[in-house]
C-alpha cells in the first residue's frame with residue numbers, strides 16, 4: 001500500500017548516485033551518451049568481458065533525467081575472482097537517445113529493448129528496437145516516474161478494484177466512492193460540518209457508477 | 001489474432017518455398033517451462049531462426065516495489081524467481097542492509113539460517129528443473145520422485161515462514177522469527193532422505209541412453225559465447241568458466257563453508273544437466289555444514305532504527321508499541337545512495353541495483369535477471385538444431401518467467 | 001424431482017449419468033502462468049495426486065480440455081491469449097481462477113496485471129491464496145465436480 005506518510009521536505013536526495021555511502025560493490029564511472037561507447041570499449045579492452053546488465057533509472061527532477069546503468073564483470077583465474085564496474089550514463093529527459101552496445105556485447109540486445117520499452121530511451125543503432133515486456137501497441141513508458149502505478153486507465157479509480165466488480169459491493173453505499181467521499185458521508189451522518197464539495201464525489205464516482213450499472217446482479221459475466 | 005510485432009518474424013506469413021515454415025511455439029505450451037513464445041523458422045525439421053518473445057508474464061514488480069515500504073517490497077520481489085523465492089528476498093535484503101551500512105550487525109545465527117534456506121531453495125528449484133526436464137523427454141517417474149523431495153523442502157518453508165512457496169521469512173536485519181520447534185528434526189530427516197533419493201534419480205536418468213541421446217551435443221554454448229551473452233550460473237559453469245557469486249563475491253558467510261564450484265567443459269545440454277545434479281549435492285554439503293555448526297543467539301540485528309521490536313514486548317511496553325506502530329505505518333528511511341548486490345541463484349547471478357533517495361520506499365529496484373540473459377542465448381544455440389530439440393534446450397537453460405518478465 | 005412420464009425419468013437418468021461421467025473425468029488445460037502453476041504441478045505429484053479425482057491427464061491442446069485452471073498472474077500481453085484459448089475449448093467447459101492474482105490481481109495492483117481473469121473469461125470457481133496449497137486446488141476441482149453434477153454454474157458454491 002502506498003505510504004500515507006511523507007518524509008520531511010528536503011530530506012530526499014535529488015541525485016543519490018552523487019552522495020552514495022562508501023560501499024565497495026563496484027568501481028563507478030560516470031559518463032555521457034557521447035562518450036559511452038569509447039568508455040565501454042576501453043573497459044572491454046581492460047578485461048571486462050561480460051556486460052552483465054543494462055538498466056534504467058528515472059530521477060525525474062534531476063538534470064539529466066535518466067541514468068542508463070551498465071554493469072560489467074571481469075573474471076580472473078577462470079572465474080574464481082571477479083571485479084565489477086558500474087557505468088552510469090546520464091541521459092536527458094527530452095529526446096533521450098543513447099548509442100547501442102549490442103554490437104559489442106550480444107547480451108545488451110534484450111536489456112536495451114527493455115529500457116526502451118519501460119523508459120522510452122532510444123538506443124541508436126539497435127537492430128530491433130521494439131517493445132519487449134508490454135504489448136506492441138501499448139502507449140507510454142511504465143517505469144517512468146510520471147506514469148501512474150496502476151496505469152492511466154485505472155489511475156483514478158479507488159482501491160481495491162474488486163470492490164467495483166463484486167456484485168455484493170455494487171449495491172452498497174460504499175461502492176465507487178473515494179476515501180474522501182466516504183469521510184464526508186460519515187461526517188454528514190454524524191451531523192458534523194463537511195469539508196470539500198459533493199461535486200468532487202460525483203466526478204470521481206462517475207466512471208465507477210457507470211461500471212456499477214453494467215454489473216449484472218447475479219455475478220455472471 | 002495476436003498482433004505480430006513489427007520487425008520480427010511474422011506469424012501469418014507462411015512461405016512454401018524450400019520447405020520453410022514459421023512456427024509459433026507457445027506462449028501456451030506444455031514444455032516451454034512457462035509463458036514463452038518462440039517464433040521459429042524451420043526448414044523441414046531444422047531450425048533456421050528462433051526468436052523468443054517474452055513479456056507474457058510482465059507483472060510490473062519493479063514499479064510495485066517503488067510504491068511499497070522497504071520491508072513490504074520484499075514480498076513482491078520474492079515473487080520474481082518463484083522457484084527459489086528466498087534467493088530473491090535475500091539478495092534484495094542484502095542490498096538494503098548495505099545501503100543502511102549494517103551488514104556487520106546481522107547476527108551469525110541469522111546468516112546461517114539464511115544460507116540454510118537459500119541452499120534448500122536451490123535444491124527445491126533444481127528438483128522442479130529435474131522433474132519438468134524429465135517430463136519433457138517423457139521420463140514421468142522422475143517428476144514424481146523429484147517433486148516428492150521438493151515437498152519435504154516446502155514443508156520446512158512452511159514451518160519456518162508459514163507459506164510453502166513464498167514464506168517471506170527473511171527480514172532486513174535478520175529473520176522474522178527464530179526457527180520453530182521441530183524444524184531441525186525435519187531438516188535431519190530431509191538430509192537423511194536426500195542421498196538415497198538422489199541415487200534413485202541418478203539411476204533413472206543419468207546413464208539413461210534415451211536421455212543421453214537427446215541431450216549430448218545439443219545446444220552447445222562455448223565459454224566465449226556464454227560470457228559475451230551474459231550467461232551465468234550452471235549454463236556458464238557447464239561451458240568451463242568457474243564463476244560462482246558465492247566464491248567471487250561471498251555474502252552471508254559463504255566464505256566459511258567448504259563446497260566445490262562444479263564445472264564441465266562440453267557446454268552441451270547434458271553437461272548442464274550434470275552440473276545441476278552435482279550442484280544439488282554441493283548444496284546438501286553446505287546444508288550439512290550449517291546444520292552441524294548452527295549457533296544459538298539472536299536472529300535480528302540489535303538496532304532499533306530499522307528493526308521491529310520483539311513481538312512479546314508490544315503488549316507490555318508503551319515504547320515498543322509506539323515503535324511497532326511507526327515501523328509498520330511509516331517504516332524506516334534508508335540513506336540516499338545506490339548499490340548493486342548479487343547472489344548465486346539457481347539460475348545464475350541474480351542481482352539487484354537498488355537506489356534510495358532517502359525516502360521510506362525504494363526509488364528504484366532494477367533486477368539483474370539471470371534467466372533473461374540465459375534465455376537470450378537461445379537465439380544463437382537453437383539455429384541448426386532440430387525443432388524437437390528446442391524443448392531440451394529450453395529445459396537445459398532453466399528459465400523462470402517470473403524473473404525474465406518481472 | 002417430480003417426474004411426469006417414464007420418458008422424462010429415463011432422460012433425467014441419462015442426464016445424471018452424463019453429468020456424473022463429465023464430473024469424473026475433468027481434464028484440465030495446461031494453463032500454467034506463474035507460481036500457482038508450480039502448485040498446480042504439485043497437485044499432480046504424489047502427495048496430493050489430482051489424478052485420483054479423475055484429472056488423469058493435463059491436455060496441452062484446448063480442444064481436448066474441459067477445465068482451464070488459470071494459475072498465475074495475467075499480464076497485459078497474455079490476456080488476449082487466454083481469451084483465445086478459452087474460445088478454442090469445446091463446450092462444456094469450466095474455469096478455475098487459481099490464486100489471488102488470477103482472481104483479482106492479487107498483490108499486483110498495477111498497470112501490468114489484469115485485475116482478475118474474470119474480466120476476460122467467465123469463472124466458475126475462485127481460489128484465493130498466494131499460492132493456494134495444492135489441497136486447495138483439489139477442493140476447487142471438487143467444487144467444479146459438484147457444479148457439474150448439479151448442472152449449474154456460479155453462485156454461492158463458487159467461493160472456494
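The values are calculated or read from the model by the stated rules, or taken from the named source; none is laboratory data. All figures in this text were calculated on a predicted structure; none of them were measured in a lab. Cβ atoms come from the backbone with ideal geometry, glycine included; neighbour counts cover every protein chain shown.
For the reader, a short list of remarks on this structure follows.
- On the stretch given as the stretch B:221-230, residues that are at the interface with chain A (Cβ under 8 Å from one of its Cβ atoms) and in a loop (DSSP other than H, G, I, E, B) total 2.
- Residue selected from the stretch B:231-250 under the condition assigned to a loop (DSSP other than H, G, I, E, B) and within 16 Å of the chain's Cα centre (by Cα), by the criterion farthest from the other protein chains (Cβ to nearest Cβ): B:233
- Boolean, residue C:72 is touching a residue at least 60 places away in the same chain (Cβ under 8 Å) and surrounded by 24 or more Cβ atoms within 10 Å (Cβ to Cβ): no
- Residue selected from the stretch B:166-220 under the condition in contact with a strand residue (DSSP E or B) (Cβ under 8 Å, 6 or more places away or on another chain) and not in a loop (DSSP other than H, G, I, E, B), by the criterion surrounded by the most Cβ atoms within 10 Å (Cβ to Cβ): B:174
- Residue B:84 surrounded by fewer than 24 Cβ atoms within 10 Å (Cβ to Cβ) and within 27 Å of residue C:28 (Cβ to Cβ): no
- Taking the stretch A:87-113 as the range and being within 12 Å of another protein chain (Cβ to nearest Cβ) and in a loop (DSSP other than H, G, I, E, B) as the test, the residues that pass are A:101, A:102, A:103, A:104, A:105, A:106, A:107.
- Restricting attention to the stretch C:76-94, the residues being touching a helix residue (DSSP H, G or I) at 6+ places or on another chain (Cβ under 7 Å) and either within 11 Å of another protein chain (Cβ to nearest Cβ) or surrounded by 14 or more Cβ atoms within 10 Å (Cβ to Cβ) (or both) number 5.
- Against the conditions (1) at pLDDT below 90; (2) within 19 Å of residue B:95 (Cα to Cα); (3) in contact with a helix residue (DSSP H, G or I) (Cβ under 9 Å, 6 or more places away or on another chain), residue B:358 satisfies every one except (3).
- Test: residue in the stretch A:68-86 that is closer than 30 Å to residue C:116 by Cα, facing chain B (nearest Cβ under 8 Å) and either modelled with pLDDT of 90 or more or assigned to a strand (DSSP E or B) (or both): no
- Exactly one residue out of B:41, B:62 is outside any helix (DSSP H, G or I) and over 23 Å from residue C:70 (Cα atoms), and it is B:41.
- Of all residues in the stretch A:52-67, those that are part of a strand (DSSP E or B) and free of Cβ contacts under 8 Å to residues at least 60 places away in the same chain total 5.
- Of the residues making up the stretch B:370-388, those that are out of contact with any strand residue (DSSP E or B) (no Cβ under 7 Å at 6 or more places or on another chain) and either more than 19 Å from residue B:276 (Cα to Cα) or facing chain A (nearest Cβ under 7 Å) (or both) number 6.
- Criterion: within 12 Å of chain A (Cβ to nearest Cβ), touching a helix residue (DSSP H, G or I) at 6+ places or on another chain (Cβ under 7 Å) and more than 22 Å from residue B:34 (Cβ to Cβ) - qualifying residue of C:111, C:126: C:126
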